[in-house]
Amino acid sequence: MTKKRVLSGVQPTGNLHIGNYLGAIRNWVEIQPNYDNFFCVVDLHAITVPHDPKTLAQNTYNMAALYLACGIDLNHSTIFVQSHVTAHSELTWLLNCLTPLNWLERMIQFKEKAVKQGENVSAGLLDYPVLMAADILLYDADQVPVGEDQKQHLELTRNIAVRVNDKFGSEQNPIFKVPEPMIRKEGARVMSLADGTKKMSKSDSSQLSRINLLDTPDVIKKKIKKCKTDPIMGLSFADDRPECNNLLGLYTIFSDQNKEAVADECADMGWGKFKPLLTDSIISALEPIQNKYNEIMTDKTYLDSVLKEGQEKAESVANKTLGRVKDGLGYLPSF
Ligand code: AQP
């Protein structure tokens, strides 16, 4: 039986944080033996907000190395760079012309990020979800493992696929496979360390709001020490205690326990006792990833070969889908 296909990606916009890890990459690693996986570094998405051309290539490289360091296994998965497969840009244009503008204007992420950019907001930011739809649909993905924040974009991808199938395909010969989101409950939404009601985010101006996968033990210790808490005695998973909920949730995952065990362990604790436990659990969980990352970064030839092979595998799938779409839309075949 052929395995179902999975596609997902992360933008190379700065350091990967534990929200990206728990919401996305850790799940990719766990599910990969059961699927045929394509994981890309979505560098075309990275320029939808102002970017620095001096760091884009290196960030892309670092992100690919982090995928491997987190445990992406090339026996099950293909790692590639989005901009290396030109079909992503081409399909985006075709989908742009088939996507109603008001579908994009409704996207929460656009509204939130557009506010931050004011007058400089680019058409690319509005178009971000169409590019994401192209990424997913090119690979006939069955499942898309993402964090909770991407749920609305996944819904849009499904709507675009259904619309194109209805207009240009047939029931027997649909143009696109309609993908399903794969959102795990725990870790799906890791919150900022500075405000338990806001998601942890790469673009938050405060470094203290997030823990990066490559933070040193001292930095992790400092960030946890300074993180926002509440003045209530005893720790609990209460809905009206966003910071407490978030930190207990992180401890649950990083100490590899279940929620009930953590609720019992921490019920009578104060922050002074809890914070060192959380710090140690994060440091120990990240240590093997950091060691592997440092090892991979010493071997550029290896990383280049991974990305070259990834590009070839991704192109062979993506170009086939692009051909099918262009046929469906009635384009003159190229020579
Ligand atoms: N706080 C989070 N909790 C759980 N999952 C998260 N993801 C992002 N933040 C959290 C998931 O990480 C994957 C890659 O995200 P991305 O690179 O596309 O960036 P993003 O979703 O825009 O969020 P970032 O990384 O924090 O960047 P900005 O600063 O742009 O908001 C996705 O699967 C996402 O769900």
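Below is a table of values for the structure above.
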| quantity | calculated |
| --- | --- |
| The lone exception for Asn59 - which of (1) within 13 Å of the ligand (Cβ to nearest atom); (2) within 21 Å of Ile253 (Cβ to Cβ); (3) assigned to a helix (DSSP H, G or I) it fails | (2) |
| The listed residue being in contact (Cβ under 8 Å) with a residue 60 or more places away in the chain and under 23 Å from Lys292 (Cβ atoms), out of Val41, Val49, Val6 | Val6 |
| When residues of the stretch 290-326 are limited to those that are in a helix (DSSP H, G or I) and of a type in the set (Val, Ile, Thr), the one farthest from Leu214 (Cα to Cα) | Val325 |
| Options Ser170, Ser236, Ser255, Ser209: the member that is within 15 Å of the ligand (Cβ to nearest atom) and not charged (D, E, K, R) | Ser209 |
| Positions within the stretch 158-183 being at pLDDT below 95 and in contact with a strand residue (DSSP E or B) (Cβ under 6 Å, 6 or more places away or on another chain), in sequence order | Glu180, Pro181, Met182 |
| Index of the failed condition, Asn15 passing every other in (1) more than 27 Å from Tyr251 (Cβ to Cβ); (2) in contact with a Leu (Cβ under 8 Å, 6 or more places away or on another chain); (3) more than 9 Å from the ligand (Cβ to nearest atom) | (1) |
| Ala24 aliphatic (A, V, I, L, M), free of Cβ contacts under 8 Å to residues at least 40 places away in the same chain and within 16 Å of the ligand (Cβ to nearest atom) | no |
| Residue within the stretch 66-82 that is of a type in the set (A, V, I, L, M, F, W, C), in a strand (DSSP E or B) and within 15 Å of the ligand (Cβ to nearest atom) present | yes |
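The values are calculated or read from the model by the stated rules, or taken from the named source; none is laboratory data. All values reported here derive from a predicted model rather than from experimental measurement. FYI the Cβ positions are ideal-geometry reconstructions off the backbone, even for glycines, and counts take in every protein chain you see.
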